[in-house]
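> Have a look at this one.
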Amino acid sequence: MKTSNKIRIGFVLPRDLHNYKPFRNQPLNALYLLTLIEREFGKNAEISIIDLRCVSKENIVYYVPKKDLYLYSVATIDYPETVRTVGEIRKAYPLARHVAGGIHINIYPEKSAEVFDAVALGDGEYIVSGIVRDAMAGALKKVYLDERPIDINAFPYPDRKFLPNTAIADTGFLNAPYSGLPGTGVLFSRGCPYKCDFCANLVQAPARFRKPDLITKEIEYLKKDYGVKALVIKDDNIFALNSEVARQTLAAIGKTGVKWRANSRANDVPRALIKMAKEAGCVDLAVGVESVSQKVLDLIHKRLDFGKAKDFLGLLREEGIGIRLNLIIGLPGEPKDIAKRTIAFIKAVRPSSVLLSILTPVPGSMIFKDL
């Protein structure tokens, strides 16, 4: 890019009011986008993360340096705090511009445009360069839109150097005996073909997976530069519906020798893939069963046979893979004895851990749209 202009950019991570250990969650959106900005604009962009995750409300302004452009990726749970943060920064630096993307912004673009100087709709990788160029030229548009499904293999893995080393690798991600391994979060795919009524997944499409060599390359980078030995794979489902893609993904991870936990659907995963996952270093799988009632599963369009789910959990136990059981209480159609039945199910399954959630009708979900 040929320009004599320079721009100061800060990607703001708002105060985290809902996570017990906020720094264990990697801000992958910020890292992906800052990596792309640096690759395209080089020394013409001074870029950094402004990490407010554990800063008290009264002290936010003291942790925010002066920038020309502040970027945000906003989920619904963080929206009120982000709005408050923008207001505080505007008081300190009234000439700066604020641009936001993320799931909440995509659901409520008009309302969000009242708070931010511009909103980004769609995958940020296709949009962020145009935003920076326009900001440098003083010609920021109100809306940036790109509806193309992202080709995740066209972009580099996120550079972690924008965070201090202490905020990259931590312990306690995996269950014993691997809880002491230094680990971090990664993402090797985008998208989910399912549309459960409680989920705010905006795009129902087949998952797009990283190429095997890019998966291996990213893990080796994390091992070499940050001593990572454990991974939490954030993909909606580690097992691609295409069995060949699933095998290639597992083989790519297995080459690196790390231990890992991932998310999995609870049906239609053959034993051969479970065995391969185990051999590739998988020690835990988080399985979204959600409810012990088949009636409830049908009502929320989970597309899950409860009997097959129990069989799948049995296979995991037989193959020596720990189970993190994901369950939701408060779903429509629950019988009066749902608590008793859920407790009995947990005792029978003997999972390594349980993530029990209370139904929250989040914007973007079908339950929110049709209470």
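The values are calculated or read from the model by the stated rules, or taken from the named source; none is laboratory data. Since this is a predicted model, take the numbers as computed values, not measurements. Using ideal geometry, Cβ is built from the backbone for each residue, glycine included, and neighbour counts are taken over all protein chains shown.
> Take the residues in region 107-128 that are in contact with a strand residue (DSSP E or B) (Cβ under 6 Å, 6 or more places away or on another chain), at pLDDT below 95 and assigned to a helix (DSSP H, G or I); name whichever of them is nearest to Pro80 (Cα to Cα).
Gly124
> Inside region 16-48, can you point out the residues that are in contact with a Leu (Cβ under 6 Å, 6 or more places away or on another chain) and either crowded, with 18+ Cβ neighbours inside 10 Å or among the small types (Gly, Ala, Ser) (or both)? Give the steps one after another, and end with the answer.
Step one: of region 16-48, the residues in contact with a Leu (Cβ under 6 Å, 6 or more places away or on another chain) are 27-28, 47.
Answer for region 16-48, where residues must be in contact with a Leu (Cβ under 6 Å, 6 or more places away or on another chain) and either crowded, with 18+ Cβ neighbours inside 10 Å or among the small types (Gly, Ala, Ser) (or both): Pro27, Ile47.
> Let me ask something additional. Kindly establish whether Glu81 is in a helix (DSSP H, G or I), surrounded by fewer than 20 Cβ atoms within 10 Å (Cβ to Cβ) and touching a helix residue (DSSP H, G or I) at 6+ places or on another chain (Cβ under 7 Å).
Working: in a helix (DSSP H, G or I): yes; surrounded by fewer than 20 Cβ atoms within 10 Å (Cβ to Cβ): yes; touching a helix residue (DSSP H, G or I) at 6+ places or on another chain (Cβ under 7 Å): no.
Considered against the rule, which asks whether it is in a helix (DSSP H, G or I), surrounded by fewer than 20 Cβ atoms within 10 Å (Cβ to Cβ) and touching a helix residue (DSSP H, G or I) at 6+ places or on another chain (Cβ under 7 Å), Glu81 comes out as no.
> So, of the residues in region 302-331 that are part of a loop (DSSP other than H, G, I, E, B) and within 27 Å of the chain's Cα centre (by Cα), which turns out to be farthest from Ile358 (Cα to Cα)?
If we filter region 302-331 for residues that are part of a loop (DSSP other than H, G, I, E, B), which is where we start, we get 302-305, 319-321, 330-331.
Add one more test, that the residue is within 27 Å of the chain's Cα centre (by Cα), and what stays is 302-305, 320-321, 330-331.
Details: Lys302: 17, Arg303: 20, Leu304: 20, Asp305: 22, Gly320: 29, Ile321: 26, Gly330: 6, Leu331: 8 Å.
Step by step, filter region 302-331, then rank; the result is Gly320.
> Right, another one. Restricting attention to region 188-206, does a residue exist that is of a type in the set (S, T, N, Q), farther than 24 Å from Val362 by Cα, under 16 Å from the mean Cα position of the chain (by Cα) and crowded, with 17+ Cβ neighbours inside 10 Å? Full working, then the answer.
The initial filter retains those residues of region 188-206 that are of a type in the set (S, T, N, Q), namely 189, 201, 204.
Cutting the leftovers down to farther than 24 Å from Val362 by Cα gives us none.
No, region 188-206 contains no residue that is of a type in the set (S, T, N, Q), farther than 24 Å from Val362 by Cα, under 16 Å from the mean Cα position of the chain (by Cα) and crowded, with 17+ Cβ neighbours inside 10 Å.
> Return the residue satisfying two criteria in turn: it lies in region 254-302 and is surrounded by fewer than 21 Cβ atoms within 10 Å (Cβ to Cβ) and among the acidic types (Asp, Glu), and of such residues it is nearest to Val228 (Cα to Cα).
Once the filter is applied, the top-ranked residue is Glu279.
> Asn175: in a loop (DSSP other than H, G, I, E, B), within 27 Å of Ala251 (Cβ to Cβ) and in contact with a strand residue (DSSP E or B) (Cβ under 7 Å, 6 or more places away or on another chain), yes or no? Show your work before the answer.
Numbers: in a loop (DSSP other than H, G, I, E, B): yes; within 27 Å of Ala251 (Cβ to Cβ): yes; in contact with a strand residue (DSSP E or B) (Cβ under 7 Å, 6 or more places away or on another chain): yes.
Yes: the conditions hold for Asn175.
> State whether the residues of region 129-138 include one that is of a type outside the set (S, T, N, Q), crowded, with 19+ Cβ neighbours inside 10 Å, at negative phi and in a loop (DSSP other than H, G, I, E, B). Don't jump to the end; show me each part of the working.
Just the residues of region 129-138 that are of a type outside the set (S, T, N, Q), to begin with: 130-138.
Of the ones still in play, those that are also crowded, with 19+ Cβ neighbours inside 10 Å are 131-132, 135-136.
Cutting the leftovers down to at negative phi gives us 131-132, 135-136.
Keeping just the survivors that are in a loop (DSSP other than H, G, I, E, B) gives none.
Looking through region 129-138, none of the residues is of a type outside the set (S, T, N, Q), crowded, with 19+ Cβ neighbours inside 10 Å, at negative phi and in a loop (DSSP other than H, G, I, E, B).
> Quick one: Ala272 ticks every box in (1) touching a residue at least 12 places away in the same chain (Cβ under 8 Å); (2) farther than 14 Å from Phe209 by Cβ bar one, so which box is it?
Every condition holds for Ala272 apart from (1).
> A follow-up question, please. Out of all the residues in region 316-368, which are more than 20 Å from Asn267 (Cβ to Cβ) and touching a Pro at 6+ places or on another chain (Cβ under 6 Å)?
Result: Ile367, Phe368.
> What number goes with the only condition from (1) surrounded by fewer than 17 Cβ atoms within 10 Å (Cβ to Cβ); (2) in contact with an Asp or Glu (Cβ under 9 Å, 6 or more places away or on another chain); (3) in contact (Cβ under 8 Å) with a residue 40 or more places away in the chain that Pro332 does not pass?
(3)
> Show the residue pairs that are 6+ apart or on different chains and have beta-carbon atoms under 7 Å apart, the first residue being within region 24-36 and assigned by TED's automatic domain parsing to the domain that holds Arg53, the second being acidic (Asp, Glu) and assigned to a helix (DSSP H, G or I).
Between residues of region 24-36 that are assigned by TED's automatic domain parsing to the domain that holds Arg53 and residues that are acidic (Asp, Glu) and assigned to a helix (DSSP H, G or I), the close pairs are Tyr32/Glu125; Leu36/Glu125.
> Oh, and also: Being in contact with a Lys or Arg (Cβ under 6 Å, 6 or more places away or on another chain), at pLDDT below 95 and in the same structural domain as Tyr178 (by TED's automatic domain parsing) narrows it down to one residue among Asn242, Asn237; which is it? Give the steps one after another, and end with the answer.
Numbers: Asn242 fails: in contact with a Lys or Arg (Cβ under 6 Å, 6 or more places away or on another chain).
When all the criteria are applied, what remains is Asn237.
A quick yes/no check of all residues on (1) farther than 25 Å from Val232 by Cβ; (2) of a type in the set (Ser, Thr, Tyr); (3) surrounded by fewer than 20 Cβ atoms within 10 Å (Cβ to Cβ):
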| position | (1), (2), (3) |
| --- | --- |
| Leu304 | no, no, no |
| Arg317 | no, no, yes |
| Gly320 | no, no, yes |
| Ile328 | no, no, no |
| Ala339 | yes, no, yes |
| Ala344 | yes, no, yes |
